[in-house]
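To start, the structure itself, in structure tokens.
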Amino acid sequence: MPPESPSIFSRIVAREIPADIVYEDDRVIAFHDIAPQAPVHVVVTPKTEAFTDVVGLAAGDPELLAHMVDVARSIAEDLSDGQFRLVFNTGPASGQTVFHVHAHVLSGALEEGTLGTQ
Ligand code: 5GP
């Protein structure tokens, strides 16, 4: 469980907080990041709050992680050219601010210095 429950992402799932949702099924939801760092910047997150980060998700439900990757692929095909970065910030020192596991799908021409370009 995340330290804050319901997490901000669970509140998006519940429609308590508005978001520009681009994909949803019974296991995941995806929406445009409120502070985009690339021409396409979409957050993909599971509906469950059971996992705070990708390490826990990979150990606990690898099939759900694989599904998130497939959703990311589909979003990059729909909204961009099919090529993308997939970023899982893991831990506060890495920049993780929401402790409900999520992937950043970043696509389009990335500028030097943005998330993922060191
Ligand atoms: P993290 O920093 O944990 O890897 O990623 C959290 C992401 O969630 C950030 O990129 C942040 O901009 C995004 N975010 C935080 N609150 C909201 C919100 O209310 N709506 C949307 N669409 N994105 C949010």
Probe 1.4 Å, heavy atoms of protein chains only: per residue, the accessible area of the chain in Å² is 53
T97, T45, ranked by accessible area, largest first (probe 1.4 Å) = T97, T45
Please identify the longest segment of the chain free of exposed trypsin sites (Lys or Arg not before Pro), where exposed means a DSSP state other than H, G, I, E or B and no more than 14 other Cβ atoms within 10 Å.
-> 28-118
Candidates V101, V69, V44; GNM for the chain (alpha-carbon contacts under 10 Å) flags as most fluctuating V69
Among H41, H67, H104: highest mean-square fluctuation, GNM of the chain, C-alpha pairs under 10 Å = H67
Pop out the carbon and sulfur fraction of the accessible area of the stretch 1-90 as a percent, whole number, probe 1.4 Å.
-> 53
So what are the chain's ellipsoid semi-axes, whole angstrom, largest first, if each one is the square root of 5 times an eigenvalue of the alpha-carbon gyration tensor?
-> 21, 16, 15
Counting helices only, and only those DSSP H runs with n ≥ 4, report the 222 nm mean residue ellipticity of the chain as the sum of -39,500 (n - 2.57) divided by its residues, in deg cm²/dmol to the nearest 500.
-> -8000 deg cm²/dmol
DSSP loop GluC sites (Glu not before Pro) in the stretch 1-98 with at most 11 other Cβ atoms within 10 Å of their Cβ, which ones?
-> E16
Among P36, P92, P46, which one shows the biggest mean-square fluctuation in a GNM of the chain, springs joining Cα atoms closer than 10 Å?
-> P92
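The values are calculated or read from the model by the stated rules, or taken from the named source; none is laboratory data. Predicted, not measured: the structure shown is a model, and the values here were computed from it. Every residue, glycine among them, receives a Cβ derived from its backbone with ideal geometry; neighbour counts consider all protein chains shown. In case anyone asks, the SASA skips ligands and DNA or RNA and just uses the protein heavy atoms, side chains included. Shrake-Rupley method; radii C 1.70, N 1.55, O 1.52, S 1.80 Å.
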